[in-house]
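Nothing in this text is a laboratory measurement; each read-out follows from the coordinates by a stated rule. Note that the structure is a prediction, hence the values are computed from the model and not measured. Every residue, glycine among them, receives a Cβ derived from its backbone with ideal geometry; neighbour counts consider all protein chains shown.
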Amino acid sequence: MGALAAGARGRLGLDSPARRSDALGMRPMPALAPAPLAHAPLLALLVFFRAESVRLVPAGIAMIRDRSTRGEPERRLALLLLISVVPAASVGAIFNDFVERQVRAPGPVALMLVAGAVILRLADRWGSRIREIDQLTPTAAFGIGIAQALGLVPAISRSGVSIAAGLFARLTREAAARFSFLMATPVIADAGVFEARRLLTDETGVTIQPGVLAAGVATASWSGLLAIRFMLGYLRGHSTNGFVAYRIAIAVAVVLWLLGVPWK
């Protein structure tokens, strides 16, 4: 669990807000309460996928207990999600600290923005998009999990690269996005639990104002719900080209900033 939390914290940017600020050339900002911020996207995922969650949790427990899917779709999906989490846990535990020290600089971030855009474009172009989630194989789920682990690298985007992997696995765009969101739930949950423990034991040194905290979590959760709904609806009838263009535009902005090009 600790390994999974390490990987999740790196992908969610929960362990070094000051380092992110330094990478952008800004004065480090005081740390925010990481646990509630991690719980906000988790709440959004649980609310949006509440029907799936109600079925998957007991199905996953039964699958582990019986060591069999027994041909049940919910148990099989729970197994696929469990398989996809393994690479994230392993890679996060090994490389999280290295990435935090070495890769959070504007140059590599711009490069990874472009790399992520290229991967997403190729996946959308080459993927046959004929499979739904219930047709995903364990091998493909593990491959998507490996892709998710690449989200440890800043600007690669965990969701973007896992959606791309799903497209390479011949999933439809909507199915790839749905599986990406579902597989993110246990990762974010573990990160939230880990950070909550740190917060409760005063390891973070953060003073919490309940009113401000509640407002922040509510706003972030609502924004997450809107983002999930928009992405699934958008990918149901559109390609990923809009997201590719967005990543390229941000990369160009970062390069211009590095070169000192004035914005006015």
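Describe numerically, in nm with one decimal, the distance between label points set 7 Å from Cα along Cα→Cβ at Ile61 and at Ser128.
A separation of 3.9 nm, rounded to one decimal place.
What FRET efficiency comes out for Ala215 versus Ser53 if R0 is 25 angstrom and r is the Cβ-Cβ distance? Round to the nearest 0.05. Can you show the working numbers first?
Values: r = 25 Å, r/R0 = 1.01.
With R0 = 25 Å, the Cβ-Cβ based efficiency is 0.50.
Considering amide H positions built from the backbone, and no H for Pro or chain starts, which residues 5 or more places from Arg131, or on another chain, come under 5 Å of its amide H?
Correct list: Leu171, Thr172.
Could you list the chymotrypsin sites (Phe, Trp or Tyr not before Pro) in the stretch 213-264 that lie in coil according to DSSP, counting only those with at most 15 other Cβ atoms within 10 Å of their Cβ?
Of the chymotrypsin sites (Phe, Trp or Tyr not before Pro), the ones in loops of the stretch 213-264 whose Cβ has at most 15 other Cβ atoms within 10 Å are Trp263.
Taking a ≥ b ≥ c as the square roots of the Cα gyration tensor eigenvalues, with a/c under 1.5 meaning rounded and otherwise prolate when a/b beats b/c, else oblate, which class fits the stretch 115-196?
Numbers: a/c = 2.40, a/b = 1.43, b/c = 1.68.
Taking the square roots of the gyration eigenvalues as a ≥ b ≥ c, the stretch 115-196 is oblate.
Taking the Cβ of Leu120 as the center, what net charge do the other residues with Cβ under 12 Å away carry, scoring Lys and Arg +1 and Asp and Glu -1? Show your work: numbers first, answer last.
Values: positive: Arg121, Arg125, Arg173, Arg247; negative: Asp124.
Result for the neighbourhood of Leu120: +3.
Once the piece of chain linking Ser90 and Leu259 is laid out straight, how much longer is it, given 0.36 nm per residue of separation minus the C-alpha distance between them?
57.1 nm
Students often check this: by mean Cβ neighbours within 10 Å, which of 210-216, 124-130, 72-78 ranks highest, and how do the rest follow? List each step's numbers first, then the result.
Numbers: 210-216: 11.3, 124-130: 14.4, 72-78: 18.6.
Packing proxy ranking, top to bottom: 72-78, 124-130, 210-216.
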